[in-house]
Amino acid sequence: MSDAKQKKNFLSAIKEMPAAVWSSVFRNRLPHTDLGRSRTSFTNFFLHIQPVKVHKHTLKPWFTMGLGLISLFLFLILIVTGVLLMFYYVPSTTQAYDRMLDLRGTVAFGTMLRNMHRWSAHGMVAVVFLHMCRVFFTGSYKKPREFNWVVGVLLFLLTLFASFTGYLLPWDQLAFWAITVGTAIAGYAPVFGEQIRFLLLGDTTVGQEALLRFYVLHVAVLPVLMTLLIAVHFWRIRKDGGLSRPEDADIVTETSANLTNLQPNPAVAASSINTIEIKRYGIQGLVRGHFTKVGNVPDNTVFSYPNLLLAELFVFILTIFGVLLVSYFFNAPLEEPVNILHPPNPSKAPWYFLGLQEMVSYSAFWGGVGIPAIEVLILLFVPYLDRNKKGVGRWFAKERLLANTLFMTFVVVNIILIIIGTFFRGQNWEFVSPF
Ligand code: HEM
């Protein structure tokens, strides 16, 4: 090849490089056709976790209220801000508190970083709980989603534990005494109570060993476990056929069923409005639920790209905006450095355990261990205890009056206990009026 030709080739390679690099990373252009929209979801690493199409019901904002997504986004914010905080924090009883002061005084955006981490953690406890309530009140834990509910309950417990272990790290009076009270509750467990407490603290009292254990649990063990479980949670949502929806969300007519000699659910057929032609093929033995429908059937699905993606983006912006707003106006508390000789009176556990602390004031065993253990067991087995198949995918379905009333009682009682523990308890856990 002549020199001139080589030079020309080289120049045109340089000219085409940006486009070549771009198309090697992003294999599809912004799609304008349905095939393109499918490909975008299918081939993109980040998007392929979603199905190519989702049911329209999934996108109705009042159904999920985006609570699962908000939980996820808060978790991601916690990971990012947590890693940044790790650049400054040292899990040592002699340094931890000073590092907190440094964050406040000398590190650029240190206060904001700490505020974002703190408020996202509290927010996540509340939002995951609300998400659990939404799943319950819409009956979305029923077949085939029983196991995903169980995974969810485990995620809720891990969220509480992750928040609790982080509480100790600032090593101030608030942290020290809250964890002293919190871990004392663990000690009320029968037979192994003291051993569990020792395992958690690495000592008989809260000190350097406890700080190190809580740190390792908080920055490594629990986040890894949660990431794994969240992945399983999302995978199950896909395998369980997407989010739950009411029986009449996919209507099929009697006429259409007769056309192809199929026997659909009579209740569903009776409530239909369209006349359609239907073909069903049973080749996908691995797919749950009805066989895949092929042909001219009512299509209640939309492409995930861009419909679901935009909805998710909207929830993400809302979440980050909320966290920034709260973090701008309210500073995470930092009290005096730890003073083992001066316990505050009363010493209170973190707010989400104040219901427990309130119950402990009546009975150490029943309040701290017995009742919470029964509550967790019932929560775990809810989908297997409630055999009523009706009322899935609808808020407060009247067929589920008993289940919803029982769960509402559980929610309200717990909230009342937390309010009493937070606002109505003073010195020596005496009843006081906050007004
Ligand atoms: C770290 C905590 C959690 C995260 C990040 C998370 C995330 C999600 C997301 C994104 C969805 C789909 C959309 C939505 O419902 O908003 C979902 C659905 C679901 N979640 Fe969670 N979740 C968590 C905890 C829980 C808990 C505590 C439970 C119940 C005890 C639970 C049970 C379920 C079930 C059964 C579904 C399917 C609901 C349906 O089909 O309608 N999740 N979760």
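To the nearest 20 debye, what charge dipole does the chain have about its Cα centre, counting +1 at the Cβ of each Lys and Arg and -1 at the Cβ of each Asp and Glu?
Charge dipole, the chain, about its Cα centre: 1780 debye, nearest 20.
In 20 Å bins starting at zero, report the fraction of Cα pairs in the chain per bin as a rounded %.
20, 46, 25, 8, 1
To the nearest 500 deg cm²/dmol, what mean residue ellipticity at 222 nm is calculated for the chain from DSSP H runs of n ≥ 4 alone, each contributing -39,500 (n - 2.57), summed and divided by the residues?
The helix contribution divided over the chain gives -18000 deg cm²/dmol.
With every protein chain kept in place and ligands, DNA and RNA left out, what is the accessible area per residue of the chain? Probe 1.4 Å, answer in Å².
58 Å²
Hydropathy at least 1.6 by Kyte-Doolittle, axial extent at least 18 angstrom from the Cα trace: which helices of the chain, defined as entire DSSP H runs, fit?
In the chain, the long hydrophobic H runs are 67-86, 309-329, 371-385, 401-423.
With the crude spin-label approximation of a point 7 Å out along Cα→Cβ, what separation in nm comes out for Met112 versus Ser363?
It is 5.1 nm.
Could you compute how much accessible surface Glu399 exposes when probed at 1.4 Å, giving the result in Å² to the nearest 10?
70 Å²
Which value, in Å² rounded to 10, gives the accessible area of Asp172 with a 1.4 Å probe and all protein chains present?
0 Å²
Assuming a ≥ b ≥ c are the square roots of the Cα gyration tensor eigenvalues, decide whether region 1-129 counts as rounded (a/c under 1.5), prolate (otherwise, with a/b larger than b/c) or oblate. Mind showing how you got there, number by number?
Working: a/c = 4.55, a/b = 1.44, b/c = 3.16.
It comes out oblate by the Cα gyration axes.
Return the loop-located chymotrypsin sites (Phe, Trp or Tyr not before Pro) in region 106-182 (DSSP other than H, G, I, E, B) with at most 16 other Cβ atoms within 10 Å of their own Cβ; answer none if there are none.
Passing both the DSSP loop test and the Cβ count: Phe109.
Treating the beta-carbon of each Lys and Arg as +1 and of each Asp and Glu as -1, no other charges, what is the dipole magnitude of region 1-113 about its Cα centre, to the nearest 20 debye?
Numbers: 13 positive and 5 negative charges, 141 e Å.
In debye, rounded to 20, region 1-113 gives about 680.
How much of the accessible area of the chain, probe 1.4 Å, is carbon plus sulfur, in whole percent?
Ligands and nucleic acids excluded, carbon and sulfur give 69 percent.
Want the number for Ser24 to Ser92: 0.36 nm per residue separation, take away the alpha-carbon distance, what's left? Before the final figure, lay out each step's value.
Working: separation 68, 0.36 × 68 = 24.48 nm, distance 4.74 nm.
Contour length minus the Cα-Cα distance gives 19.7 nm.
Give the Cα extents of region 64-201 along the principal axes, in whole Å, largest first.
52, 44, 19
The values are calculated or read from the model by the stated rules, or taken from the named source; none is laboratory data. Keep in mind that this is a model prediction, so the values were computed, not measured. As a convention, Cβ positions derive from the backbone with ideal geometry for all residues, glycine included, and neighbour counts pool all protein chains shown. Heads up: the accessible areas ignore ligands, DNA and RNA and are worked out on the full protein's heavy atoms, side chains in. Shrake-Rupley method; radii C 1.70, N 1.55, O 1.52, S 1.80 Å.
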